[in-house]
Amino acid sequence: MVQKRFFGGTAVVLIGVAVCSMAHAQSTSGPATSTVLASAATYDRFANPVEFTLDYNWLQDTGEGEEMQPVADVGGAGEIEAIDDTGTDPRDFRPKFMPYFRFTELGNDIEVTEFVLFGLIPFTPKLAMTFEWPVYKNVDYSDLSAFQRSSGFGPGQNNGLSSGGVPFDDLANDGDVSSFGDLNLRFFYKPDAWKGTYAGGEKSWSVMPIFETSLPTADNDVIGGNNWIVSPGFVWVVAIPGEPPFGLGFFAMMNFYDTNAWRDDGQAWTSRYRGRWFWMQPLSKPGPKPLDGVYILTEFQPIYDFNGDDFDLWIAPEFGKMMTEGSVMYVKPGWAAVDRESNDREFTLEIGFRFFF
């Protein structure tokens, strides 16, 4: 029997996805230093933060001895759609806003610091767009060995490191460059035919096509990379089978193919598979206590570069807590599990808030 009374009246556990990530960018020619700086300039355009809008409400036990269940895990597809106005459908496109800070260290000691504005805008109940824009981005290459050997790059001085698509004329003598970054947009669509249930109708699944594009809006090529990337893809979301607590979670698997719509003559052609796979696990019900409304969201990023025959794997667990109804705070560290290139990510740390309406 499906419970009809909600925990706390209208309390919602936000278990949306916000991801810090960086795909490998590799130049096919030029010295290693040029490739390294090109990677620092372009990493965020290939795998920017994502808001999945995957929400669960928690039902309250009526006192009749019936077990609490997440609404989205009960009933058939028609029943799930019928209660969509409660916000229990994981495909619900409600407006979101998420400011966050992210720090990234590459394997060659280049450091990237960003403050980013991210949000979700629904156009219709079945079509939504996310935007992500680093309003402040700093690339610090002062610890790069080639920079230290040359005692800095001056305007018009490339010190023999001019290939690989890196605009050394944009580099500053103090070893870092700051500006705003490239604009990333994603479009999600929810076809009615691409969803269903299993386990006797108690668990649901859904497939959505996605189109992502990164526009070269940065005013400095070290910050932005001077490429227009397009990334068709799809996301598959499925509720985890079983009883609570694991039965309250879900898997969400995003899959993209990254390629160029346009590129600068000095930039390498992009051909890359990029996976972003998430395991969402609620740990407690929402409530006023410090350990209430806590979840862990682990991301796995398998990335394969067809041009360089290079495979990378990134793992980043997100630890979040529902602060109030409609707001979440989270911390997300990340590490390279498989990393074969010196210009790949070594470590990232993301701290942010989500507000949903």
Exercise for review: Express the relative contact order of region 281-357 as a whole percentage, based on alpha carbon pairs under 8 Å and six or more residues apart in sequence.
Suggested key: 23
Exercise for review: Find how much the distance from L185 to E105 grows on full extension, using 0.36 nm per residue of separation minus their present alpha carbon separation; answer in nm with one decimal.
Suggested key: 26.4 nm
Check your understanding: Counting Lys and Arg as +1 and Asp and Glu as -1, each charge on the Cβ, what is the dipole of region 303-357 about the Cα centre in debye, to the nearest 20?
Key -> 480
Exercise for review: Assuming R0 = 30 Å, can you tell me the calculated FRET efficiency for the pair N138 and W279, based on Cβ-Cβ distance, to the nearest 0.05?
Suggested key: 0.40
Point to revise | Cα→Cβ-extended label distance, 7 Å offset, between W228 and L117, nm | key: 2.4
Exercise for review: Step through the table entries K203/K321; K203/K285; K96/K190; K96/K289; K190/K289; K137/K289, compare each Cα-Cα distance with 29 Å, and write down the pairs that go over it.
Suggested key: K190/K289; K137/K289
Check your understanding: Long-range amide H contacts for G293: which residues qualify at under 5 Å (H placed 1.01 Å from N, peptide plane, sequence gap of 5 or more or a different chain)?
Key -> S284, K285, G287
**Study point:** Difference of contour (0.36 nm per residue) and Cα-Cα distance, E202 to N173
**Key:** 4.3 nm
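All of the numbers you see were taken from the coordinates with simple rules; none came from a lab. Everything numeric here is computed off the predicted structure, so don't read it as measured data. A quick note on method: Cβ atoms are made from the backbone with ideal geometry, for glycine too, and the neighbour counts reach across all protein chains shown.
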